[in-house]
Amino acid sequence: MKPVDVLQSYFESLHDPELALKYVHEDAKFTAAKEFGNHHFYGLYCGIEEVRSLLAKFQKDLDTQDFRIYKIIGDETTAFAWGKFIHRVRTTNKLFESPWAVVVEIEDNKIKLFQGFEDTAGLEESFRKD
C-alpha cells in the first residue's frame, strides 16, 4: 500500500477504532495537536494501546457532524492530508469546527508517526462549560 492509501484507509475506518488500529504501527507515536497543554486530547500517544485510548476519547466526547478530506498527497514513506471537520462536543453540545491537517510517516504499511493540526483555541472553547 502507498502511504496515501494507508492514511485514506485509516480515515475511512475511524468509525470503528479497532479497525482503525489495524493501520497503526506497534511503535507508533501520535501527537494530538500538541504534546502538552490544557486539554485532555493533547499529548504524545505511544504504541497501539495509547492510540486506542486517544480514539476512545474521541468517541466518548465527539459526535462528528462533518469530516471532509480536501486532498491527500505523499511519497514513498510519507502522506499529508488536509480538510475541515465539524464535531458536536457531547458534554457542552457546542460545535467545534476547524480546518485540519495531518502528516504521517508509514512503515510496514502502518502509521508510525502521526502529527495532527487543528484550531486548538476553538477546541478548548468548545469544551468550556458556560
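Laboratory data are not the source of any read-out in this text; all were calculated from the coordinates shown. What you are looking at is a predicted structure, and each value in this text was computed from that prediction instead of being measured. Cβ: placed from backbone, ideal geometry, glycine included. Neighbour counts: every protein chain shown.
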Sort through Asp108, Asp66, Asp119 and tell me the only one that's surrounded by fewer than 17 Cβ atoms within 10 Å (Cβ to Cβ), farther than 19 Å from Ala20 by Cα and touching a strand residue (DSSP E or B) at 6+ places or on another chain (Cβ under 7 Å). Asp119
Contact list please: Cβ distance under 9 Å, first residue in the stretch 1-30 and in a strand (DSSP E or B), second residue hydroxyl-bearing (Ser, Thr, Tyr), pairs at least six apart or on different chains. Val24/Tyr10; Ala28/Tyr45; Lys29/Tyr45; Phe30/Tyr45
Determine if the stretch 17-36 includes at least one residue that is closer than 22 Å to Asp119 by Cα, of a type in the set (Lys, Arg) and in contact with a helix residue (DSSP H, G or I) (Cβ under 8 Å, 6 or more places away or on another chain). yes
Ile48: touching an Asp or Glu at 6+ places or on another chain (Cβ under 8 Å) and either under 18 Å from Phe114 (Cβ atoms) or touching a residue at least 60 places away in the same chain (Cβ under 8 Å) (or both), yes or no? yes
Scan the stretch 28-50 for residues that are out of contact with any strand residue (DSSP E or B) (no Cβ under 8 Å at 6 or more places or on another chain) and within 21 Å of Asn109 (Cβ to Cβ) and jot them down. Glu49
